[in-house]
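Data block below; observations after.
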Amino acid sequence: MISLEVPSMNRRSILRTAGIAALAVALVAPQAGAVQEVGRVFEQAGPYQVAVVQRGSTHTLFYPADMATAARKHPVVVWGNGTGATVQQYDVFLRHLATWGFVVAAANTGQAGSGAEMLDGARFLVAENSRAGSVFQGRIDTANIGAAGHSQGGGGAIAAGADPMVKATLPVMPGPQGSVPALRGPSLFIAGQFDYVVPSFYVRGRYAWAKEHPAVFAELKGSDHFFPGETRARMVGVGTAWLRYWLAGDAAGKRVFFGPEAGAELFQDPAWSDVERNAKAAAIA
């Protein structure tokens, strides 16, 4: 029997934001009138309406519907599905990111581990930023591109994170693909306490290789590989907060992860069974 209990110098809890939609999940809506802590804000939909289009057979694009008319640039997230999974199975999370101002290029494949299809989506949007007549012309923040994915797609996010285009990564229960030491920017490694597909100790082991950039390990209490119950909403929020800080400079997202342990929200929430920051993350004021 493999034990998922892993000792940690930082056995605390994370904030009440949460993370990523996995296979066939629905975002849990907050109760009306509930008091919103800062971190929980990222569980709610952002201010943008969402458009969804296909880029041929290769990618599904999610983006703010006013893209062509509002004179602002938007950061990018490229997404990788789990093994054999489809973009539709992650639709809730990807739409959620678009409500927060991200342009999402989700690779239409259940074999995203190489990161190549994800990077192709990023290159497409960078090219569209310069193409006359494109809805994305002048609207893509090419300096702020992140890579995220679940399971094999989480490994693909690590693989894509070695490319200079990618500023930050969000590997969720990542497979073995990619090289963590080759990452070129900060990473949030999310694990499930009771995940027997990609066990928590394995995700922690991948996180431990992150030395050159800020990295956070977060274990979601009570979660398996597919985020049952309220764990779904917690995952959506924390993933959004991470990307909002690193790709959009959102100060509320920063407070979730950084600063003194007594003040950083990720150390306060019992919905997370374990959290750890590496030295570079702990040094962020």
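Details
- Selection status of GLY110, over 18 Å from LEU247 (Cα atoms) and open to solvent by less than 10 Å² (accessible area, probe 1.4 Å): no
- Test: residue in segment 188-211 that is open to solvent by less than 20 Å² (accessible area, probe 1.4 Å), among the aromatic types (Phe, Trp, Tyr) and part of a helix (DSSP H, G or I): yes
- Residue pairs meeting the criteria (Cβ under 8 Å; at least 6 apart or on separate chains; first on the phi > 0 side of the Ramachandran plot, in segment 209-226; second open to solvent by 10 Å² or more (accessible area, probe 1.4 Å) and in a loop (DSSP other than H, G, I, E, B)): GLY222/GLN193; GLY222/PHE194; GLY222/PRO228; GLY222/GLY229
- ASP141 being part of a strand (DSSP E or B), in contact with a Lys or Arg (Cβ under 8 Å, 6 or more places away or on another chain), open to solvent by 10 Å² or more (accessible area, probe 1.4 Å) and modelled with pLDDT of 95 or more: yes
- Only strands (runs of 3 or more DSSP E) whose full extent lies in segment 44-136 are considered here, and the ones with at least 1 residues that are under 14 Å from the mean Cα position of the chain (by Cα) are 74-80, 103-107.
- Segment 121-148: number of residues that are closer than 26 Å to THR69 by Cα and in contact (Cβ under 8 Å) with a residue 12 or more places away in the chain: 19
- Of all residues in segment 272-285, those that are closer than 30 Å to GLY229 by Cβ have Cβ atoms under 6 Å from Cβ atoms of residues that are modelled with pLDDT under 95 and not aliphatic (A, V, I, L, M), 6 or more apart or on another chain, in TRP272/SER13; ASP274/SER8; ASP274/ARG11; VAL275/ASN10; VAL275/ARG12; GLU276/SER8; GLU276/ASN10.
- For segment 170-191, the criterion of being within 29 Å of ALA71 (Cα to Cα), small (Gly, Ala, Ser) and out of contact with any helix residue (DSSP H, G or I) (no Cβ under 6 Å at 6 or more places or on another chain) is satisfied by at least one residue.
- Filter result (touching a helix residue (DSSP H, G or I) at 6+ places or on another chain (Cβ under 6 Å) and either in a helix (DSSP H, G or I) or open to solvent by 10 Å² or more (accessible area, probe 1.4 Å) (or both)) within segment 223-239: ALA233, VAL236, GLY237
- Boolean, ALA162 is open to solvent by 10 Å² or more (accessible area, probe 1.4 Å), at pLDDT 95 or above and part of a strand (DSSP E or B): no
- Those residues of segment 54-107 which are farther than 18 Å from ILE145 by Cα, surrounded by fewer than 24 Cβ atoms within 10 Å (Cβ to Cβ), modelled with pLDDT of 95 or more and among the hydroxyl-bearing types (Ser, Thr, Tyr), in sequence order: SER57, THR58, THR83, THR86
- The residues in segment 268-285 that are in a helix (DSSP H, G or I), under 20 Å from the mean Cα position of the chain (by Cα) and among the aliphatic types (A, V, I, L, M) can be counted, and the count is 2.
- Subset tally (residues that are touching a Leu at 6+ places or on another chain (Cβ under 9 Å) and under 12 Å from VAL77 (Cα atoms)) for segment 102-142: 10
- Test for PHE217: is it modelled with pLDDT under 95 and either part of a loop (DSSP other than H, G, I, E, B) or buried (at least 24 other Cβ atoms within 10 Å of the Cβ) (or both): no
- Note on segment 243-267: residues that are open to solvent by 50 Å² or more (accessible area, probe 1.4 Å), assigned to a loop (DSSP other than H, G, I, E, B) and farther than 15 Å from VAL216 by Cα amount to 3.
The values are calculated or read from the model by the stated rules, or taken from the named source; none is laboratory data. Small disclaimer: the values here were computed from a predicted structure and weren't measured. Counting neighbours? That spans all protein chains shown, and the Cβs are built from the backbone with ideal geometry, glycine included. The accessibility values were calculated without ligands, DNA or RNA, using every heavy atom of the protein model including side chains. Shrake-Rupley method; radii C 1.70, N 1.55, O 1.52, S 1.80 Å.
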